[in-house]
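Novice: Here it is, the structure in full.
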Amino acid sequence: MTQSNLKFGIIGLGIGRNHLASLQEIDGIQIAAICDTNPDVLSRIQKQYDVPKSYTDGLKMLDKERFDAVVIATPNKFHAPFTIKAFERGAHVFCEKPMAMNTTEAIQMQAAADAAGKKLMLNMSFRYTPAAFALKKQLEQGMLGDIYFARTVWHRRRGIPKLGGWFSTKALSGGGPLIDLGVHRIDLALWFMGTPEPVSVSASVFNPIGTQLAKEQNRTFDVEDLAVAFIRLENGAILTAEASWAVNRAEREFMETRLYGTKAGAVHRNVDQGYDFIAEAFCEENGYFVDKIYRNEFRPAPKSIAHFIDCIRNDREPISSGKEGIKLMKILDGIYESARLGREISITA
Ligand SMILES: NC(=O)c1ccc[n+]([C@@H]2O[C@H](COP(=O)([O-])OP(=O)(O)OC[C@H]3O[C@@H](n4cnc5c(N)ncnc54)[C@H](O)[C@@H]3O)[C@@H](O)[C@H]2O)c1
């Protein structure tokens, strides 16, 4: 493998600082500059990680510096403008999920990548877990047969991120738990199903608990706290999706993507209400029910950022590409639109 040196910039230092830490562990990577609008966060992280330059204005940083690649980990509203600018300046882009605020922005981002001839990878981080990789491999080998129904869920009992901050402010986030959490689980389900095209969606969104909590604390909350969707796919299969930051159920954090196939079924789910995952398959062999568990702990999946670097160095298409991100954004837009209209709507290719 070629270990070319790559100069990185990072914009947004919440989850962005985790990417910084991961990048510093990879040979040949230089973090040339970082950016955050919060000067305290910026100076603390610059010192901690010994980064040569820092900026509070991302567009200015992209204008002044020359990067091989840029990590964009800001609130969702800024994903598209920074991504497009980074491509105009000739960098590859690793952008956090959701890809953008809406499909129109997502298409513009991919067009900028194509015009620059650079790679756009979305951090659909849940794909890059050993259990998901192990299950995907079995699915590619046909273990489930045809998958005709999938149900994908992420629920929290009470887990609104930073109530009143950007996550719960539609103008900055584009939406609530659907665009924040549901995006991961819908992405995972579609990836497991072989990325079929969506045809139509019927959905509803609700916000009783978020609205009440925000009222009690005098905070902004103008997004949903629960989204529920029924998605028809081009191959006749159905995907149902549920995403919430606040529902009344036992688990603090519940994630589950279930697949029902003609030969077997499978689930990818979190363990003990946390962020460790297992995959299980429910098969039939020689007249017996056979259940399997995939952990694959002895051969870990690559971190998503390491996969991005591998794609740059070896000219490969990222597993979670901008093109798949557009498909996902169409579904998210469709869910919000169907909920607004109160009826099923078509999703055009
Ligand atoms: N892939 C994952 O699993 C995962 C996990 C967490 C967050 N995310 C995504 O990462 C992004 C950031 O989320 P977060 O949890 O780090 O949020 P956060 O609020 O914790 O951090 C965001 C940081 O960006 C800074 N910022 C805000 N506006 C900026 C701007 N215009 N330019 C530069 N910096 C700016 C803020 O000061 C803050 O330090 C979101 O899109 C979120 O959906 C993805």
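The values are calculated or read from the model by the stated rules, or taken from the named source; none is laboratory data. Computed from a prediction, not measured in an experiment: that's the story for all the values here. Here the Cβ is made from the backbone with ideal geometry for all residues, glycine too, and neighbour counts use every protein chain on show.
Rundown of residues vs (1) assigned to a helix (DSSP H, G or I); (2) over 28 Å from residue 327 (Cβ atoms); (3) among the aromatic types (Phe, Trp, Tyr), yes/no style:
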position	(1), (2), (3)
4	no, yes, no
34	no, yes, no
40	yes, yes, no
51	no, yes, no
71	no, no, no
74	no, no, no
84	yes, no, no
100	no, no, no
110	yes, no, no
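Novice: In the stretch 140-164, which residues are more than 10 Å from the ligand (Cβ to nearest atom), part of a loop (DSSP other than H, G, I, E, B) and farther than 18 Å from residue 261 by Cα? Don't jump to the end; show me each part of the working.
Specialist: Just the residues of the stretch 140-164 that are more than 10 Å from the ligand (Cβ to nearest atom), to begin with: 140-160, 163-164.
Next, from what is left, pick out any that are part of a loop (DSSP other than H, G, I, E, B): 141-146, 157-160, 163-164.
Residues satisfying the conditions are 157, 158, 159, 160, 163, 164.
Novice: When you look at residue 167, is it in the same structural domain as residue 246 (by TED's automatic domain parsing) and within 12 Å of the ligand (Cβ to nearest atom), yes or no?
Specialist: Details: in the same structural domain as residue 246 (by TED's automatic domain parsing): yes; within 12 Å of the ligand (Cβ to nearest atom): yes.
Against the criterion (in the same structural domain as residue 246 (by TED's automatic domain parsing) and within 12 Å of the ligand (Cβ to nearest atom)), residue 167 qualifies.
Novice: Do the conditions hold for residue 246, that is, is it in contact with a Pro (Cβ under 9 Å, 6 or more places away or on another chain) and outside any strand (DSSP E or B)?
Specialist: Details: in contact with a Pro (Cβ under 9 Å, 6 or more places away or on another chain): yes; outside any strand (DSSP E or B): yes.
For residue 246, the condition - in contact with a Pro (Cβ under 9 Å, 6 or more places away or on another chain) and outside any strand (DSSP E or B) - is met.
Novice: Can you spot a residue in the stretch 189-203 that is hydrophobic (A, V, I, L, M, F, W, C), within 16 Å of the ligand (Cβ to nearest atom) and in contact with a Phe, Trp or Tyr (Cβ under 7 Å, 6 or more places away or on another chain)?
Specialist: There is no residue in the stretch 189-203 that is hydrophobic (A, V, I, L, M, F, W, C), within 16 Å of the ligand (Cβ to nearest atom) and in contact with a Phe, Trp or Tyr (Cβ under 7 Å, 6 or more places away or on another chain).
For every residue, the table says whether it meets (1) closer than 30 Å to residue 69 by Cβ; (2) at pLDDT 95 or above; (3) acidic (Asp, Glu).
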position: 298; (1), (2), (3): no, no, no
position: 311; (1), (2), (3): yes, yes, no
position: 316; (1), (2), (3): yes, yes, no
position: 325; (1), (2), (3): yes, yes, no
position: 342; (1), (2), (3): no, yes, no
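Novice: Being assigned to a loop (DSSP other than H, G, I, E, B) and either within 8 Å of the ligand (Cβ to nearest atom) or of a type in the set (D, E, K, R) (or both) is the filter here, so list the residues in the stretch 11-28 that pass it. Steps first, please.
Specialist: Residues of the stretch 11-28 assigned to a loop (DSSP other than H, G, I, E, B): 12-15, 25-28.
Within the stretch 11-28, 12, 13, 14, 15, 25, 27 qualify.
Novice: Does any residue in the stretch 32-44 that is closer than 11 Å to residue 16 by Cβ come within less than 6 Å, Cβ to Cβ, of a residue that is assigned to a helix (DSSP H, G or I) six or more places away or on a different chain, and which pairs are these?
Specialist: Once the first residue is closer than 11 Å to residue 16 by Cβ and sits in the stretch 32-44, its partners that are assigned to a helix (DSSP H, G or I) give 35/58; 35/61; 36/42.
A quick yes/no check of all residues on (1) crowded, with 19+ Cβ neighbours inside 10 Å; (2) in contact with a helix residue (DSSP H, G or I) (Cβ under 7 Å, 6 or more places away or on another chain); (3) acidic (Asp, Glu); (4) part of a strand (DSSP E or B):
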{"position": "224", "(1), (2), (3), (4)": "yes, yes, yes, no"}
{"position": "242", "(1), (2), (3), (4)": "yes, no, yes, yes"}
{"position": "255", "(1), (2), (3), (4)": "yes, yes, no, yes"}
{"position": "263", "(1), (2), (3), (4)": "no, no, no, no"}
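Novice: Which members of the stretch 55-83 meet the condition of being away from the ligand (no atom under 14 Å from the Cβ) and under 24 Å from the mean Cα position of the chain (by Cα)?
Specialist: If the condition is that a residue be away from the ligand (no atom under 14 Å from the Cβ) and under 24 Å from the mean Cα position of the chain (by Cα), then 67, 68, 69 are the ones that fit.
Novice: Which of the residues belonging to the stretch 293-349 are in a helix (DSSP H, G or I), within 20 Å of the chain's Cα centre (by Cα) and among the hydroxyl-bearing types (Ser, Thr, Tyr)?
Specialist: Matches in the stretch 293-349: 304, 336.
Novice: Which numbered condition trips up residue 174, out of (1) buried (at least 22 other Cβ atoms within 10 Å of the Cβ); (2) at positive phi; (3) out of contact with any helix residue (DSSP H, G or I) (no Cβ under 6 Å at 6 or more places or on another chain); (4) not polar (S, T, N, Q)?
Specialist: (3)
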